[in-house]
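Notes follow once the structure below has been shown.
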Amino acid sequence: MRSCIHQISKSLLSSSLQNNNSFRSSILKSFHKLSCTHLIYSHEPKLILSIPSKSLKHCVRFHTHRFQSQLSVDDETSTFETVEEEDVTVIDPTSDLVQTSTTNVLVSPKLDVLQEENENIIDDPLLSLINKCSSLHFLFPLISINIPNLKHHHIATCILQSCVIIRAFTLFYPEREHEYQQQLLTHPIFQSLCLLCENHLYQLNYTEMVNILFAFTLLDIRMQQSDFLKRLFTQCSLKSNIKQFDLELLNRFTISLIKKSNRSLAIPLFSTLCERLYELLDTISEPDGLKQALSTAALLGGGIPTNSVNDDESEQFSSSRIIERLAEIIDKHIEEYSSTSQTFLRLPNMGFFFRHHISRWLPLLLNSWSENINDYNWFEIHQLLGNIKRNLHFIPKLFDLAVARCEYELNYHTMTSRDLLYMCYSLYKSAPYKLKQQLDNALQIHLNKYSSHEICILYSHVNPDTCNQHDILVQIHQILKMFSLSYNQQDEDFWHVLGTLTNDIKLNIQYYNTNDHGIDFIRYIRTEIDYLKKRSDLCLLRNQFLTLLGFYMKYSINNSIIPDTIMKHVETMISQSTLKDTASLLSAHHLVSSSNVNSNPLFYRQINFIHKAIIRHKVNQANESLYSLGRLSSFLNQIIYRSRYIDSSLEPFFLRLQTFEIIQLKDIRQLCQLFMSSVRLYPNILDRICSTLINSTSEIPLSLLAVYYRTLMKLNYIPIQCERLFSYSVELYMAYQDSQSTMRTSSFIRPFDSLHLAIAQAGLLHKIDHRLIEDVFSLAFLGNLDQISINESENDFKLRQPLFRLNQILSIDHPALEIPWFNDRFGLDVIVPEARRRNVRYPMYEQVEAILTTILGSKDHFLTRSFSPYFHEIDFECMMRTSDGQPVPMEPLDVSSLTDKTLKTPPGLQRIAVQLTTPGNYCINTRHLLGTSTVNFRHLRTLGYKLVVIPYYQWYTMDTVTAKVQYLRNKLLVGDVDPNEM
């Protein structure tokens, strides 16, 4: 791109040939082939190529913008004819009129709203002049002089050209978008044009009307802001007009209607739009047509609330026919059209509609997206990755390709500030540590170039939960404080920021309670809320009210309380709230009730009142059928996020989970995450999940199977159909490996998932998938882990710990495999220090230590917090003679001796490992040991220890010290070990 622009610049600056017209046509042809928004303009932002006669070489400047570019430069575009400097007639950018006699070069951005050349009106001199104007300084004076001569097509073209010019400005100066928009809407000439257009409304054809609607949409001008747009929409939405739309016009009209306007306006037109779309599907003969059909179908399917559409069978049948017909067309053309970069870019947005077909298409689509990812602009990458994650499943390969491109552009400084913005939207939350540092460095340079709206969206990706750079957070908060977010024109931004604070920030909420800048930002938000409440036109929606309530609960500082104006509506709003809103409020209640941030007793009375209202209106309805399985699991997951805390009032919801006889694939991941977080064992649900996975007719992602295996291992549960489950997982992994070279499967598996899959199979089911084990312990896999550890230091433990665990299981439980032990360094450097850091002396531990001292006679006869040769932590370790049961002194633990994998026990002696269990070793409200504890106990017995387990529920039932001494003596000397405790 840059070389081609440089050649155009050289051709402008050279002076050798003679043909002025040739020069003009060559330049226009070249820019047309570039197919991007490259603009040439003077030092003043007038979006015009001015060629001053005296200082040509110093004033011509090229500014490239890659927002819409997909570059394709061939040999033809690199050859230009040049012109003598004297042959170029100058246009003064400050002149009021465009002279028809001047010969000039005008380059307009290639936007979709530009009218195509019409042979019938090409001789119209006024229309030709209007189309040549690339600045409002030229266009509006031209219009004002020729108002008596304006016909309906002149008026429509003037409005379109005005919107094109302003749109081009906003692409280069996004921070001034709102300013440009207001200047256009309030300009007298433009207002006159709108009035003239209304007067000629019945003379306009449907193409002109749709293009004007679409032009306003691109400028983010909504129908609420313009009466002209409302009247234009009324005329344009006539059924007779819609019936004449082609695919391109239908797509533009649907975008204008749903994306930027009041979506409720689309409800009466839903049937008509669906019928027209279905009729046009048979006309698809090229990739662009399919792209427009998919875009329109996605808007109609996702933009219109389904509960608002009339339950008319014909309407429902019409929409289902569209999906079926589109599926047939995609099946027919997917191999042919997948080579084009843009055709299927929006298809992931419709993953829900094509859920039965997407697994069949995904391999070809993935190849297309992967091959063309360097051709997409970053906005398109943001849309693609977001839709894939939302509607399909996470695809690491595509994410890694985006990361690689991002790193390249950051290293070579080839991105624009707008590129950087969409890089953060796409990658920041999940970015590797090194890339996140690069993004942080770039953001520090470009942050001041973004508008308040862009900063508000950026804040949902770059906030205390995701960013560790204090300077970046301070800068973002300072920029947000520069804008009055409670101003009615910025309502959307205000609620976006408030929603991020209330619902998204969960890990590092202390930033806003302890950091000075964080506290200051919370005070600013509170001030904005106070201004907001004083507005006469304020009318809070339910979700806005609940967001405010959650904010006041989570961020209570300086002994503040929740305002009475909020509290008086709590009962009504909670009764109408959704499960998601209820979960956010319960999470906030748990957060503040377990902290001492606010010492005001009135505040705690308020949050207790809110908690009782939730129980009254929501928890009591838990057994009603209005809550689906997906909503229930999502609701409970939000409450227990990163915490085992479970409000006792939520038990009815868990009981409700067990009543669902059918579990769908889409609900499995949520359920597994819920059971792992809450540590709750529901055998019947786990068995149903197993049946769903085994009997599924569609291809199961290996990542989903790995999540289920992790859950089984965590809860120490072997499903009834474990044999079939293991056979199915072996077949699925084999198919995955066989298809890696050809990319003919939609299953993808991360190293993390591979490790946990192997751990659960070997450690829980006692079965070995030899191909999986070979892959995990291959040099390629281990080298990949090393590379990930180097690039993502924060994920080092996350990957090394399961590898260490798998090495333990295979070395002890499956020695016949002859897997070498290679984790001594990790054990010495990580496992031992981490165990000692967590060394907490709780009452039961101290009591057992004291009684052991009494029984064994001295503290020299046992070790505390020792380790097995394979780094299993042991609470108390002692040795006794097998002949008389008398203890012998123990040498202090030498950590370096752990590198010897043999358990050295002198002849005639027996090693005893005393292990204490707490509620954290069991599933909630049961005596069922978790998988980790079970495996540890089994390994100690296999290594040669005599295992003595002291469960907390037995220990605390004994009231006297004498009873506890006798209990422990029996355990040590008699070897009273309950097999069920293993």
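One table, with the values for the structure above:
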| item | result |
| --- | --- |
| Single condition residue 511 does not satisfy, out of (1) of a type in the set (Ser, Thr, Tyr); (2) open to solvent by less than 10 Å² (accessible area, probe 1.4 Å); (3) within 23 Å of the chain's Cα centre (by Cα) | (2) |
| Residues that are open to solvent by less than 50 Å² (accessible area, probe 1.4 Å) and either of a type in the set (Gly, Ala, Ser) or in contact with a helix residue (DSSP H, G or I) (Cβ under 9 Å, 6 or more places away or on another chain) (or both), drawn from the stretch 884-910 | 885, 887, 888, 890, 895, 898, 901, 903, 908 |
| Checking residue 236 against (1) over 17 Å from residue 133 (Cα atoms); (2) at pLDDT 85 or above, the condition it does not meet | (2) |
| Any chance residue 388 is closer than 21 Å to residue 466 by Cβ, among the aliphatic types (A, V, I, L, M) and either modelled with pLDDT under 90 or in the same structural domain as residue 357 (by the TED database) (or both) | yes |
| Residue match in the stretch 751-767 (condition: more than 21 Å from residue 726 (Cβ to Cβ), of a type outside the set (Lys, Arg), surrounded by fewer than 15 Cβ atoms within 10 Å (Cβ to Cβ) and at pLDDT 85 or above) | no |
| One residue from 717, 708 being in contact (Cβ under 8 Å) with a residue 24 or more places away in the chain, aromatic (Phe, Trp, Tyr) and part of a loop (DSSP other than H, G, I, E, B) | 717 |
| Selection status of residue 824, outside the structural domain of residue 953 (by the TED database), modelled with pLDDT of 90 or more and of a type in the set (D, E, K, R) | no |
| Residues that are at pLDDT 80 or above, of a type outside the set (Val, Ile, Thr) and under 21 Å from residue 710 (Cα atoms), drawn from the stretch 637-673 | 654, 657, 658, 664, 665, 666, 667, 669, 670, 671, 672, 673 |
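The values are calculated or read from the model by the stated rules, or taken from the named source; none is laboratory data. None of these values were measured; they are calculated from a predicted model. Cβ atoms come from the backbone with ideal geometry, glycine included; neighbour counts cover every protein chain shown. Areas reflect the complete protein model, heavy atoms only, side chains present, ligands, DNA and RNA absent. Shrake-Rupley method; radii C 1.70, N 1.55, O 1.52, S 1.80 Å.
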